[in-house]
Amino acid sequence: MFTFQWPWVITLLPLPLLIWRFWPHQKLQSDNLPQLRLPTTKYVQQAFSQLDSPNLNQRWKWILLTLCWLGLVIALMYPQWLNKHIEISQTGYDLMLAVDLSGSMKTADFFTSNRQQIQRIDAVKLVLEPFIENRFGDRIGLILFADQAYLQAPLTLDNAAVNSLLQKAVIGMAGHETAIGDAIGLAVKKLRERPESSRILILLTDGDNNAGTLEPFKAAQLAKQYNIRIYTIGVGSKGGMFRQKLNEKPLKQIAKITDGSYFPATDLHALVNVYEHINKTLTKTEAESRTYIQRIPLYQWPLGIAMLALLMLQIVRFN
């Protein structure tokens, strides 16, 4: 389909006629001009008379000038060809990740494949990174919480940006306590506008709620009202030498209230299995359809015609 991006520029088309008609012209009176007599005046007159020689047809002069101005105006209107519209409907998940950044997440009770001991938050980042990168077409959001809950990234298809924000998160940037209820409440606020079958919250924490204004169970009941399923993931060791133990009981209750599931992630391998299980149980929903229009600019053609007309006008003028 042929169209102009700025069709209103056509109003400039009669501009030369308006200038010619209304611009004040002052005629010089030859009687009032001083008379100069130079030996070379005759040659100067001959040189200027060649510019208005009979070889230049006045009709062609105006045709070329009109063609030049017409080409410039059309080029300014930015003609373009629009290809057929392409609408793409994309299906995917709506995943809100809520990651605990409280002081207890500094506990080093995870081990890598080479038996290197790492902190809980580093283990979460290590496993979440490939999980986020592989979610092509999914809308992922990120909530970081400690004393309070903060929306670090809204639901977006830009998974690389979400992963970058997660990797930059550090313990203490949101406080040192744990406000699980506030994190769930914030997730409900952001997910309630999404289709019901895809409202999913994945909560990663060690289970100890000791801050915030909203109780975790009340927040879970609120999520249930909006059909938001919560998958709780208990990050940490259940016992042993570590003082900050994993508290599974509240996480199991939160998952049960919202028809979700609880998964203990006591090591990196278990955390990977958690996300593999979630991949099989989540429901894909249709994202907002996208419309792509290929625009092919055509301004170079009228501009080229205008330049060619101007060149021909100069060539004819000096012949």
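The values are calculated or read from the model by the stated rules, or taken from the named source; none is laboratory data. Please read these numbers as outputs of a predicted model, since none were measured by experiment. Glycine also receives a Cβ, built like all others from the backbone with ideal geometry; neighbour counts cover every protein chain displayed.
A few remarks follow.
- Matching entry among 63, 74 (being surrounded by 10 or more Cβ atoms within 10 Å (Cβ to Cβ), modelled with pLDDT of 75 or more and closer than 16 Å to residue 17 by Cα): 63
- The lone exception for residue 30 - which of (1) among the hydroxyl-bearing types (Ser, Thr, Tyr); (2) modelled with pLDDT under 55; (3) surrounded by 10 or more Cβ atoms within 10 Å (Cβ to Cβ) it fails: (3)
- Test: residue in region 110-123 that is within 25 Å of the chain's Cα centre (by Cα) and either over 21 Å from residue 263 (Cα atoms) or among the β-branched types (Val, Ile, Thr) (or both): no
- Checklist (1) touching a residue at least 60 places away in the same chain (Cβ under 8 Å); (2) on the phi > 0 side of the Ramachandran plot; (3) small (Gly, Ala, Ser) applied to residue 207, failing item: (1)
- All of 187, 160, 183 fail the test of being of a type in the set (Gly, Ala, Ser), buried (at least 24 other Cβ atoms within 10 Å of the Cβ) and under 24 Å from the mean Cα position of the chain (by Cα), apart from 187.
So that you can scan it fast, the table gives a plain yes or no per residue for (1) at pLDDT 90 or above; (2) more than 22 Å from residue 265 (Cα to Cα):
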{"position": "173", "(1), (2)": "no, yes"}
{"position": "178", "(1), (2)": "no, no"}
{"position": "183", "(1), (2)": "yes, no"}
{"position": "189", "(1), (2)": "yes, yes"}
{"position": "192", "(1), (2)": "no, yes"}
{"position": "195", "(1), (2)": "no, yes"}
{"position": "199", "(1), (2)": "no, yes"}
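- Identity of the residue in region 88-136, part of a loop (DSSP other than H, G, I, E, B), in contact (Cβ under 8 Å) with a residue 60 or more places away in the chain and out of contact with any helix residue (DSSP H, G or I) (no Cβ under 8 Å at 6 or more places or on another chain), that ends up surrounded by the most Cβ atoms within 10 Å (Cβ to Cβ): 102
- Filter result for residue 135 (modelled with pLDDT of 85 or more and not aliphatic (A, V, I, L, M)): no
- Matching residues in region 137-162 - criterion: being in a strand (DSSP E or B), of a type outside the set (Val, Ile, Thr) and over 19 Å from residue 100 (Cα atoms): 139
- Qualifying residue in region 214-227 (condition: over 25 Å from residue 92 (Cβ atoms), buried (at least 24 other Cβ atoms within 10 Å of the Cβ) and modelled with pLDDT under 90): no
- Test for residue 90: is it at pLDDT below 80 and touching an Asp or Glu at 6+ places or on another chain (Cβ under 9 Å): yes
- Residues that are assigned to a loop (DSSP other than H, G, I, E, B) and touching a residue at least 60 places away in the same chain (Cβ under 8 Å) within region 163-198 comprise 169, 170, 171, 174, 176, 177, 178, 194, 195, listed in sequence order.
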